[in-house]
Structure formats: C-alpha cells, structure tokens
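Reading through the structure tokens given below for one structure.
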Amino acid sequence: MSRARVVVVGAGPAGMMAAAQAARLGCAVVLVDEAPRPGGQIHRQPPPSLAGGAVSAAARPEAERKRRLFDRFARHAGAIDHRPGTSVTAVYGLDRILIADETSSQLIRADALVVATGLHERVVPVPGWTLPGVVTAGALQALLKGGRVRAGDRIAVAGAGPLPLVAAAQMVEAGATVPVVALLRPPWSPLWPALLRDPAALWAGRGVLWEGWRWLSVLRRAGVPVLTRHVALSVSGDGAAERLVIARHDGRGRPVPGTEQRFAADTVAFNHGFTANGDLARMAGAETRFDPRRGGWLPVRDGDGATSVPGLFVAGDAGGLAGGLAAACDGAVVGAAAAGWALHRDAGRFAGQAAADRAERARHWTFQAALAASWELPPDIHELVTPATVVCRCEGVTRARIDRAVADGHDGLNGLKRNTRAGMGSCGGRSCLRTLAALAGPRGEAEAVNARPGIRPVTLAALANRVSDETVAS
C-alpha cells in the first residue's frame, strides 16, 4: 500500500504551512502552485538573479515574517513534492484531481485535499478602468516583488482598506511620484469602536498597526495627499491612463457635486477589498455561504478547516479573509487535520500538534474581525458603474447588457452568466462576479456561480499530452 497522500493547492503562507505540517506528520505531500517559487502573492519571490538588496525600515517587519515562514517551510521542503508552474484545473473527486502545466496534464489522487488558493482583488468598475495603465494595487506589489519592476512613474491609487496605502508607500520607496491616495473611508476608522468594544483585539494586532503607521509615515514624508471619504469617478486618457478623477462622497458612495478633483497619472491602481478563491472547494461539492465582510462565497468549514466533503479541507484566505499572519497559522492547523484524516480518517487526531498555531490564529482572527469594516463598501457605490462601463473585461459585457438581462428576469448569477457571458472569460469571473451580484439585486448574492472544469486556463496541448493517471490506493 502506498503512503497516505495529502495534496495541497497553493503555496502561499497557508499552503506552505499545511504542506510542511502534513509532511512532518508522515504523509506523502504534493504541493501544487502556479507560481515558479513558493510564497504566494504576499511573499512573491523574484528570480534568484534579482534576489537580495536593501530593505527599508517600513518593509522590515514583512521581511522578518517572510524569513520565519520560509525557515519553517525549509525544514520539511525536502519531503514535499513541490510542483511549481502547475494549476489544478478541475476536481472531480479526491481520486480525480486534474493538474496541468505548460506541456502536460495528469489526474492525481489524494487521501486528503487542502485548498489554500488565497484571494483575489476586488475592483468597482468605473469609466476608463479597462484602459492600459489601470491595474490593481496588488499588481503594483507583484511587479515590484516579483521582478523589481515599477509599474509607472506617476501612480495614483484609490480604493478601500489598508492595501492602497501600503502599495502607494512602496511605490514612493521605489522612486515613483504618487499624486494622490483616495480612500472611501479612513482605514483607521474601525479602530475606535474596536478599542471600546474589544481592546484586547487591537493589542493582539499591535505589530500590524505599527507597521501600517510606518507605511503611512512614508507617504506623509513624501507629501502624498491621502484623501479619505473620496471615491474614484473615472480614468481617462488618449489610448492609455493619463488622469484620475475623484470626488468626495456623501457617505453612501454617491459623489458630492462640485468636489471633483483631477490628478495626472500614467498609472492608476485600484483596490476595493478582496474575494476569497473558494471555487475549487465548490467544484468538489463543499457547502458554501455568502459573507460580504470575509470575502464573498466561502466554503463552510469547521475549526480544523474540514468542509462538508469528507477529506476536503480549506486553509487560509480561501476560507475567509484574515491576512497572511492568520493564514500561516491556519495552514498549520489544517495541515495537521488533513494528515490525521489521510492517515487515520480522523481529522482531530493530531490537534495537539498545532495547539500553538491554533492559539495564535485565534488572536489574529480577533484582530482582523475588528478591522473588517474597513473593507465594507458604501451601499450606493455601484451607482458609479454607468450603462456604458464594461463590467466583465474578458467578455466585454457592459452594465447596460447586464441591466437588460436582470429586467428580463435573469437575476441570479448563473442566469446572468448564461445570458450575457459575463464571468465566462479566462479569469473565471474573479474580476466581475462581486459586481454582477451587486447589480443583480437581492438574488445576486444568494447563489454562488457554478464552478466547472477548466477553472484555470489550460492549453489544448497540455490536455492532449496526458501523462500516466493515478488511482486511489486500495
């Protein structure tokens, strides 16, 4: 009989720790990840030739977290079958997981499957958001971390929560001019009610708060205006982004007439929060619920990460947004549970092996819950999406087309997808589904869109070149 196998999808903090924990407890571990090197989006690694270099004072806390994470992973990396540059494109069951790289595909099996696919950024579409030069705030970071590339010279940033502030400060340190950071609400506004309601939660996250203050100080020293309670109205330019228009909003997301401001920029970055990547768990049959504060359609899971499907676990932000620190702890907890299931069909067997991570995870979860309101969007924010604005970039579907479909009675996400093609493109709806749900009305959030095979792009050549498939060990 072959060794019990745990397959982990995603090599961010949660996936790395889940893989390391399961390997430590004696499982054969396969770690599948699309990136060439582990770390995920938050700890994206550059090619070895670009590694090294000085670290600024503001960036040192993140660098230290990254070092501790990679040191812990390295202790067990030799026992992990890491498959970089590889996607999971379908899950037909734990015995039939379709993976593919650039040249080939294969069905592999798992005794336990851990989905640690993280999150993706949410953007509220405005006129001009499809112009070249418009990116997400995370893309600014990905280019800088992964290739030492600065996205532009004059970069305007807008959105909600702390990421726009951090990304803008990193661009300043990289030598860019940042003409403005426009935020829907002050990211520190949830701190005061949280301080009164649960001061211990803020104390638990004091390191993160101090880190945020350092990034804000970078912007202040550079003279970057940080405008809160402002909303982005449009991006314009002759074939590419050249200016961002913002205005003060009325508290519900509607612009206040006469408060418009224009800022010249060759790059505009947006971030309006995040959506959890739970589509693989949905495809495998996991029960799902909608939670707007924690990332949309989330797999229902218990404290060990176990879902309604036996042997299927979800770790990190794929199960609800809580940040990289919580994701690493959660990954260790879920990795132990997955190992227990794979070896003994008992998810709680190794619970004591992750007791310290479980306690630390609880502290991070409490802190993140206190800050969750900073990602809440004003209720009327989607009124900025004009009829001519493209909502689904992949298929070129405008709001006018969506409104017609809703008026015809197709107000569920799957109905909208079938009748407008919105969400059928190569991104699988990651960029547009939250907007579609908001535009659809009350039923929009009631159902998650069906997750179907081909959930990640795969070439016909890879599908045609199937290497030897595996079956579940008896």
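The values are calculated or read from the model by the stated rules, or taken from the named source; none is laboratory data. From a predicted model like this one, the values you see are computed outputs, not experimental measurements. Note: ideal-geometry Cβ built from the backbone for every residue, glycine included; neighbour counts use all protein chains shown. Remember, those area values only see protein heavy atoms, side chains included, never the ligands or the DNA or RNA. Shrake-Rupley method; radii C 1.70, N 1.55, O 1.52, S 1.80 Å.
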Next on the checklist: among the small types (Gly, Ala, Ser) and more than 25 Å from Thr307 (Cα to Cα): is that true of Ser56 in this structure?
Outcome noted: yes
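Rundown of residues vs (1) at positive phi; (2) open to solvent by less than 40 Å² (accessible area, probe 1.4 Å); (3) among the hydroxyl-bearing types (Ser, Thr, Tyr); (4) free of Cβ contacts under 8 Å to residues at least 12 places away in the same chain, yes/no style:
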site: Met171; (1), (2), (3), (4): no, yes, no, no
site: Val181; (1), (2), (3), (4): no, yes, no, no
site: Leu184; (1), (2), (3), (4): no, yes, no, no
site: Gly207; (1), (2), (3), (4): no, no, no, no
site: Gly237; (1), (2), (3), (4): yes, yes, no, no
site: Ile246; (1), (2), (3), (4): no, yes, no, no
Next on the checklist: Looking for something in a helix (DSSP H, G or I), out of contact with any Leu (no Cβ under 9 Å at 6 or more places or on another chain) and basic (Lys, Arg) - is there at least one such residue anywhere in region 412-427?
Outcome noted: yes
Checklist entry - Of all residues in region 445-464, which are of a type outside the set (Gly, Ala, Ser) and surrounded by 15 or more Cβ atoms within 10 Å (Cβ to Cβ)? => result Glu445, Glu447, Val449, Ile455, Arg456, Val458
Next on the checklist: I'd like the full set of residues that are free of Cβ contacts under 8 Å to residues at least 60 places away in the same chain, open to solvent by 30 Å² or more (accessible area, probe 1.4 Å) and outside any helix (DSSP H, G or I), limited to region 321-378.
Outcome noted: Arg345, Asp346, Gly348, Arg349
Checklist outcome for this item: Out of (1) on the phi < 0 side of the Ramachandran plot; (2) open to solvent by less than 30 Å² (accessible area, probe 1.4 Å); (3) at pLDDT 95 or above, the one Gly10 does not meet is (1)
Next on the checklist: So, in region 139-151, how many residues would count as being crowded, with 20+ Cβ neighbours inside 10 Å and small (Gly, Ala, Ser)?
Outcome noted: 1
Checklist outcome for this item: The condition from (1) open to solvent by 20 Å² or more (accessible area, probe 1.4 Å); (2) in a loop (DSSP other than H, G, I, E, B); (3) modelled with pLDDT under 95 that Glu64 misses is numbered (2)
Next on the checklist: So, Gly223, is that one at pLDDT 95 or above, open to solvent by 30 Å² or more (accessible area, probe 1.4 Å) and either out of contact with any Asp or Glu (no Cβ under 6 Å at 6 or more places or on another chain) or in a loop (DSSP other than H, G, I, E, B) (or both) or not?
Outcome noted: yes
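Conditions tested, residue by residue: (1) over 23 Å from Thr459 (Cα atoms); (2) among the aromatic types (Phe, Trp, Tyr); (3) over 23 Å from the mean Cα position of the chain (by Cα); (4) crowded, with 19+ Cβ neighbours inside 10 Å.
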residue	(1), (2), (3), (4)
Val390	yes, no, no, yes
Arg393	no, no, no, no
Ala400	yes, no, yes, no
Asp403	yes, no, yes, no
His410	yes, no, yes, yes
Leu413	yes, no, no, yes
Leu416	yes, no, yes, yes
Met424	no, no, no, no
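Rundown of residues vs (1) modelled with pLDDT of 95 or more; (2) under 17 Å from the mean Cα position of the chain (by Cα), yes/no style:
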| residue | (1), (2) |
| --- | --- |
| Gly93 | no, no |
| Ile99 | yes, no |
| Glu102 | no, no |
| Leu113 | yes, no |
| Thr117 | yes, yes |
| Pro127 | yes, no |
Item to check | In region 445-474, the residues that are touching a residue at least 40 places away in the same chain (Cβ under 8 Å) and not in a loop (DSSP other than H, G, I, E, B) | outcome: Ala461, Ala462, Leu463, Arg466
Checklist entry - Can you tell which of Val115, Val157, Val135, Val126 is open to solvent by 20 Å² or more (accessible area, probe 1.4 Å) and not polar (S, T, N, Q)? => result Val135
Checklist entry - Between a first residue in region 55-73 that is on the phi > 0 side of the Ramachandran plot and a second residue that is crowded, with 17+ Cβ neighbours inside 10 Å and charged (D, E, K, R), which pairs have beta carbons less than 7 Å apart while being 6 or more apart in sequence or on different chains? => result none
Checklist entry - Filtering region 257-279 down to residues that are small (Gly, Ala, Ser) and out of contact with any strand residue (DSSP E or B) (no Cβ under 7 Å at 6 or more places or on another chain), which residue is most open to solvent (accessible area, probe 1.4 Å)? => result Gly258
Next on the checklist: Return the residues of region 12-29 that are under 22 Å from the mean Cα position of the chain (by Cα) and either over 22 Å from Glu121 (Cα atoms) or part of a helix (DSSP H, G or I) (or both); say none if nothing qualifies.
Outcome noted: Pro13, Ala14, Gly15, Met16, Met17, Ala18, Ala19, Ala20
Checklist outcome for this item: Pro442 vs (1) within 25 Å of Ile381 (Cβ to Cβ); (2) assigned to a helix (DSSP H, G or I); (3) open to solvent by 70 Å² or more (accessible area, probe 1.4 Å): all pass except (2)
